[in-house]
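Nothing in this text is a laboratory measurement; each read-out follows from the coordinates by a stated rule. Every value quoted in this text rests on a predicted model; they were computed, and no experiment measured them. FYI the Cβ positions are ideal-geometry reconstructions off the backbone, even for glycines, and counts take in every protein chain you see.
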Amino acid sequence: MSLRLKFILYLITTHLLFAGTGVYLLVNHSLWLLAVEAVFLVSLAVGIKLISSLFGTLELINTGAQFINDGDFTARFREVGQREMDQLVTIYNRMIDHLREERTKLQEQNYFLDRILTASPSGIITLDFDDHVVMMNPSAARMMQMLVQAPASELSGKKLSDLHTSFTDELDRLQTGESKVVHLLGRRRVKCQKSQFLDRGFPRAFILMEELTEELRQSEKTAYEKLIRLMSHEVNNTVGASNSLLHSCLHYTGQIRREDRHDFMTALGVVISRTDQLNAFMRSFADVARLPAPKLQPCDVRKLLENIGWLMKPECERRRIEWVWDVQAAPGEILMDRGQMEQAFVNICKNAVEAIGEDGRITLRLGNKSGRGFVTIEDTGCGLTPEVREHLFTPFFSTKENGQGIGLTMVQEILDGHQFDFVFDSEPGQPTQFTIWFSRD
């Protein structure tokens with residue numbers, strides 16, 4: 001029963017007693033009836049006024065509480081001239097102004113934080129109290145989408161350990177406050193740090209991911225370009241002068257005894273040949289450092305790969321390697337430097353052939369995903385060992401006996417020059433895939 005109803009019942013009961021008394025007096029003491037009726041009317045008027053004042057205050061409290069419950073912090077009350085009521089109005093208005101300011105401030109902070117998270121080049125993943133993924137900013141979503149080949153919306157609500165990749169397993173094993181550099185895919189390296197923030201008084205975890213690939217690549221590139229320029233300068237100067245002297249020595253062949261002349265010419269020829277090979281060897285390194293900016297023109301990717309297929313056909317037939325096409329949706333014409341991309345594809349295909357050795361299959365997969373065309377070159381070789389994956393795209397690193405270690409470096413420079421994303425990875429004993437994602441038009 002409400003307080004209002006209790007007061008009304010009280011007044012009705014009280015005044016019914018007054019009415020009974022009035023009837024008694026009417027029968028026995030009519031003069032007293034007038035006095036009682038007067039008191040009755042005065043009491044009723046005073047009671048109604050007191051109840052109105054009391055429940056006006058309660059109505060104000062109830063209305064204010066309803067505004068707060070509805071989240072309406074814009075409504076304010078006016079003073080009515082009653083001291084108690086005006087004090088309550090003043091306190092309510094002050095409280096509602098403070099709540100409105102706090103909500104506005106919080107909304108501005110949330111908007112600012114959302115803009116920072118959206119624009120941040122660092123990936124951020126927030127987890128709930130049970131370590132399920134709650135939110136990923138765009139940078140984190142791009143990393144995870146390339147990793148698990150699924151949109152970020154499908155990862156929400158899952159645990160990192162449920163994604164079953166080496167990268168997410170490493171993230172799941174991170175301890176609060178721990179920072180670690182983790183391999184993402186192929187050459188990509190990501191610095192990951194796990195921290196906490198308070199949500200309703202309880203700690204929740206988030207992971208900050210900062211990709212170091214470009215910084216490391218630029219640092220390596222600056223170092224090997226400087227080294228190549230220094231080596232090229234010294235080798236070219238030495239080789240040029242040495243070859244000039246060696247060719248001059250050949251003019252003295254006639255002065256050598258006939259029985260020694262053949263050995264003399266052969267020895268000089270061998271030395272000249274080796275210096276020429278050394279010069280060519282250095283030029284191959286210098287070509288990486290002097291790679292020009294790509295001249296972009298529309299190019300049909302499938303036709304380009306078909307031409308490379310004809311180029312590789314004799315070698316593949318000799319090694320009994322099958323060349324398989326899997327065209328889901330041809331990317332069509334892509335803006336690229338045909339010469340540079342042809343060189344990159346040839347390097348990738350040659351690596352695939354050498355990884356297989358003999359009796360295998362190279363699959364060329366073309367398609368479109370999320371509005372971007374892609375090409376995947378997959379071989380059935382022995383896969384990449386953890387040691388090799390660790391050093392992929394490292395300048396001068398090679399698994400071949402006489403390799404120079406510049407093939408993948410050249411491919412990386414060409415693809416980075418075109419701003420094409422790429423992934424080169426596999427597990428030991430599994431097919432190796434080199435995927436190139438073309439830029440959107």
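Here are a few things to note about the model shown:
- The order of the peptides 348-361, 107-120 by mean Cβ neighbours within 10 Å, most packed first, is 348-361, 107-120.
- From most to least packed by mean Cβ count within 10 Å, the peptides 265-272, 375-382 give 375-382, 265-272.
- Short-range pairs are left out: with C-alpha atoms under 8 Å and at least six residues apart, the relative contact order of the stretch 104-145 is 33 percent.
- For residue 158, residues with placed amide H under 5 Å, excluding near neighbours: 133
- Taking amide H as placed 1.01 Å from N in the peptide plane, residue 184 has its amide H under 5 Å from the amide H of 189, 190, each at least 5 places away in sequence or on another chain.
- Under-5 Å amide H pairs with residue 322, H placed in peptide plane, nonlocal only: 360, 361, 362
- Protection proxy ranking, highest mean first, for peptides 134-143, 313-322: 134-143, 313-322, where packing is the per-residue count of other beta-carbon atoms within 10 Å, averaged.
- Among the listed pairs 105/194; 105/159; 303/350; 159/369; 295/369, those beyond 22 Å (Cα-Cα): 105/194; 105/159; 159/369; 295/369
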